[in-house]
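In what follows, a structure is listed as C-alpha cells, so that the remarks can point back to it.
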C-alpha cells in the first residue's frame, strides 16, 4: 500500500484522531490523515526530535536493538510513534482518543499495517 492507503487503514483503528508518516531524518511529513484538533505537521517535527533523542541514547548505552514503538500518554490521548521496519528512517505517528481507543489493539494494528507500506 502507498502512504495514502496506509493512513486510510490506520484511520480505522478505534479511537483514531489523526496520523502521519514522517521522515525522521528531515522531519518532513509524507502524508497526514485526520487531526482536525491536532497540528500533525508541528507534531511531526517535535516527534522527530523524540525519535532522534531515543536513538542517540540507545547508541550511547550500547543497545543494539530497534525501537518497536514509543508511547506518550496524556490525560485524554495516546500518542504512538512507530518506526517502519522496512525503512527505519520513516515512522508512523498515531494519535488516539484514550476513552475510545484500545492501546494494545492499536499497537497490534500498527504493527500489521506498517508492514504493508511501500515507499
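Points worth noting:
- Exposure proxy ranking, count of Cβ atoms within 10 Å, fewest first, for 94, 17, 61: 61, 17, 94
- Spin-label model, residue 97/residue 67: points 7 Å from Cα along the beta carbon direction are separated by 2.8 nm.
- Of the labelled figures (i) -0.39, -0.63, -1.32, -1.45; (ii) -0.51, -0.77, -1.28, -1.35; (iii) -0.38, -0.60, -1.20, -1.31, only one reflects log10 I(q)/I(0) by the Debye sum over Cα atoms at q = 0.12, 0.15, 0.21, 0.22 Å⁻¹ as derived from the coordinates, namely (iii).
- Angle in degrees between helix 40-60 and the longest Cα principal axis of the chain, rounded to the nearest 10: 30 degrees
- In the chain, the longest principal axis of the Cα atoms and the axis of helix 103-114 are about 70 degrees apart.
- Between residue 118 and residue 58, the modelled label-to-label distance comes to 2.7 nm, taking each label 7 Å out from Cα in the direction of the beta carbon.
- For residue 8 and residue 41, the difference between the fully extended length at 0.36 nm per residue and the C-alpha to C-alpha distance is 10.2 nm.
- Helix-only CD estimate at 222 nm, as mean residue ellipticity for the chain, using -39500 (n - 2.57) per DSSP H run (n ≥ 4): -11000 deg cm²/dmol
- Distance between the modelled labels on residue 105 and residue 23, one decimal in nanometres: 3.5 nm (7 Å Cα→Cβ projection).
- Taking a ≥ b ≥ c as the square roots of the eigenvalues of the alpha-carbon gyration tensor, the range 2-41 is classed oblate because a/c is 1.5 or more while a/b is no larger than b/c.
Here, each number is a calculation from the coordinates, and none is a lab measurement. What you see is a predicted model, and the numbers here were worked out from it, not measured in a lab. Note that each Cβ is placed from the backbone with ideal geometry, even for glycine, and that neighbours are counted across all protein chains shown.
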